[in-house]
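Have a look at the structure below before the remarks.
A short reminder: the numbers here are calculations on the coordinates, not readings from a lab. As the structure is a computational prediction, the values presented were derived from the model and not from experiment. Positions of Cβ are backbone-derived with ideal geometry, glycine not excepted, and every protein chain shown enters the neighbour counts.
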Amino acid sequence: MLKKSLLFLLIASAMLSGLRLANAHCQVPCGIYDDHARVHSLLEDASTIHKACVKIAELSSKNDAQSQQQLVRWVNTKESHAQKIIRTLCDYYLTQRVKPSQVDYVERLQHHHAVIVAAMKTKQGVQTQAVDVLIETIEALMVYYPHH
């Protein structure tokens, strides 16, 4: 009971002090993982980036205030979803799921790094081809995280 109370106090004080808790699951480690679902979440982020690229292209030729406002929102959305992918890969997969003890460690690192680079490239432009590459690199991770 004392451990639960202490944990509650730590979480409450972190929330009250304005500190942000990790977004990419916990680093306790709690042992509660759904890697397959998390890959699907990455694919949803990539789909959002794709839609944002399309909308940015549509809205960029319009000069009215509403279109310009929506353009800014789509750019922000694209950026935040790409950054979310990068954060998830770094804060979750590379720190907790990819381990030097794995026989295919270097191969796993290369595949995870490819997702990070592809996500970064979607931030640098609005070409849907870059998003297609991102989706391919994310799908390549499914080999490591099959549905149970």
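Per residue, how much space in cubic angstrom lies within the convex hull of the C-alpha atoms of segment 25-143? List each step's numbers first, then the result.
Values: hull volume 11.2 nm³, N = 119.
For segment 25-143, the hull spanned by Cα atoms encloses 94 Å³ per residue.
Give me CYS53, CYS90 ranked fewest to most by other Cβ atoms within 10 Å of their Cβ, as a rough exposure proxy. Don't jump to the answer; show the numbers that get you there.
Working: CYS53 21, CYS90 13.
By the 10 Å Cβ count, ascending, the order reads CYS90, CYS53.
How large is ³J(HN,Hα), in whole Hz, for each residue of segment 76-90 in order, when computed from phi with the Karplus curve 6.51 cos²θ - 1.76 cosθ + 1.60 and θ = phi - 60°, using x for Gly and Pro?
Karplus values, whole Hz, x for Gly and Pro: 4, 5, 4, 4, 5, 6, 5, 5, 4, 4, 4, 4, 5, 5, 6.
Sort THR128, THR137 so that the residue with the fewest other Cβ atoms within 10 Å of its own Cβ comes first and the one with the most comes last.
Values: THR128 15, THR137 22.
Sorted ascending by nearby Cβ count, the order is THR128, THR137.
Would you count, across segment 25-143, every pair of lysines whose alpha carbons are under 28 angstrom apart, provided the pair is eight or more residues apart or spans two chains?
18
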